[in-house]
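This report concerns only the one structure given below.
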Amino acid sequence: VFVHGFLGGVEKSWRAFPTGTAKRRWWKESDLLFVRYDSARDEIAGVAFELRDRLPDFYPTLRTEYLQPATLGELVSKREYGELVVAGHSLGGVIVRYAFLELAASWIRARRNTPDLQPPRLLEAQTRLFSPASAGFRPGGKLAMFRSSGAWSAIEMKLRKSTAFTDLDPTSRVIVNTQRRTESLVAREPSLTALSADVVWARPDNVVLAEAYETDNSSTAVKGKSHREVCKPNDAYTVPWVFVEGEEVSQRRQSHEGLARIFS
Amino acid sequence: MKDWQEYSLETFERDWLGPRRKPSASMGSSTSSDANALHLSFLLALSSFSRGTHQSPHSFAPAPIGVIHRPLQNVLRAEGRCWYLLGRDLGYFPDRELPEPPADNIDAEFFFTNSEKVAGERSGVLTLETFAMWLAEAREDLSVARIAFLRLLLFAPTAEWEHELEAVRRLASFLSRRPWAAVSPVTVDSVSWALSGAELARDAERTPAFWRMDVRALNEASVPGVVSNSGERWTALEQARAPIKSAMEWLVDDEHGAFADLDGEHKSDSAADVTSDERLEFGDE
């Protein structure tokens, strides 16, 4: 599941990912779900709640009415997925974290009345975030976003007083409370893997603060990639594919790719 | 003929020619970029906004082509035909005629000749994956604001164009003096065509959709109804909206008082004269 960021679009943000299906075994065995929302208008919490509520249509079993032709539906509906990986970029990272947090919180509330209630399967997910905005904009980050992304779309966001601008200040309630509640929940319920992310940062990232949660699984940076580029794989930059697959993004791999670029 | 080719065509017909088959609500369907692979690809469209109390004419979802202004619709149908022929040659679509006849008086060949890259790629370089991504991106580009921009710039009568441009100028003038002031959502919606709708990608691929990035392109084709001064209109729009950009950049910069902008290119004196406690609502008159 892919969730794009500020002013992103399904195609703009993730267009290179499906090409991995032609090259890499892991991707050939995967189904890809791309989430679209309007970052200029939608609220972080609103999109997160929708994501939380709609993902069960896809995982662990796909609803057949979303499949055409019918024969394909019959074939696929008999399977249950083996794993769920949710990837988010920038603002999408905040939405993913918020969605899983609220899902976990709902389950804990429900468990008060039903002590044997098992956690939702979605909380088995593995969360992989590319430069998430979960610590908010860095000083000057909004301006950098103005200049690095589609300028007029960003200006329209600003005019609309979009939540991407108001909720992503480092001291906003959304930013502070999502981190505090997530870290607290992981301490109490460490089996909920979706709450602990693996994170890859752009380096340098001039848009967001590169601060992971204390409870995240891993945090690393990719040298020479901007905030916008960090999630866009190609033949010379395979880190995004490898990262989503779940392999460690080591400095060795980055160095190897850097050398490959030089010699090519 | 393969199932996925049929499905690609069905999706294409629905997206480009109108929702003639039952749409799958906002739950998207396969993008088919994975056409020859064993996996599936879905699009899930979420909007907390659409369920809220504020109704906007500018949906984030691409607008149905079947409901837009007729002359522009014809151009988009011709562009769609170009996509279809290209996709059919590649094996992305099944080998049969589109049910939709060619658009009135528009030669689809224009869209081939106007897209050098496609001409090059037709010789065998273009892959199914790349084609599918270009096609989806071209469709995603057609937001309601973008369609409004294309219609106003390329087809609107002078009086309508001037009227809409004047609204942009008024907002620009207001924000130059009061960059902190709140602007009503209705006002932003009314000029959205000139903001996000008029975002031209500098590094756009030369696909059949390239004419949307080149405001003079249609003047070279014999497309009925296209104004002859689209270039001048574009220049006028750039001038009209420039103060909005200056004001917003100034404001964003100013929110981070300690962040010095060494470029010094956008702090206008007029914006600096306004006190930060000024809160005016523009557009609700």
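Read-outs: derived from the displayed coordinates by stated rules, not from any lab. The model shown is predicted, which means the values in this text are computed figures rather than measured ones.
Structural remarks
- Cross-link pairs A:Lys28/A:Lys142; A:Lys225/B:Lys245; A:Lys23/B:Lys245 - those with Cα-Cα distance over 32 Å: A:Lys28/A:Lys142; A:Lys23/B:Lys245
- In this structure the amide hydrogen of B:Val183, modeled in the peptide plane, comes within under 5 Å of the amide hydrogens of B:Phe282, none closer than 5 places in sequence on its chain.
- Using θ = phi - 60° and Karplus 6.51 cos²θ - 1.76 cosθ + 1.60, couplings along region A:101-106 (whole Hz; Gly, Pro as x): 4, 5, 5, 5, 5, 5
- Amide H contacts of A:Glu211: A:Ala135, each under 5 Å away and 5 or more positions distant or on a separate chain (H built 1.01 Å from N in the peptide plane; Pro and chain starts excluded).
- Along region B:148-165 the Karplus relation, 6.51 cos²θ - 1.76 cosθ + 1.60 evaluated at θ = phi - 60°, assigns HN-Hα couplings of 4, 4, 4, 5, 5, 5, 9, 10, 5, x, 3, 4, 5, 4, 5, 4, 5, 5 Hz to successive residues, with x for each Gly and Pro.
- Put simply, the amide H of A:Ala87, placed in the peptide plane, has neighbours under 5 Å in A:Phe2, A:Val3, A:Arg128, leaving out anything fewer than 5 places away on its chain.
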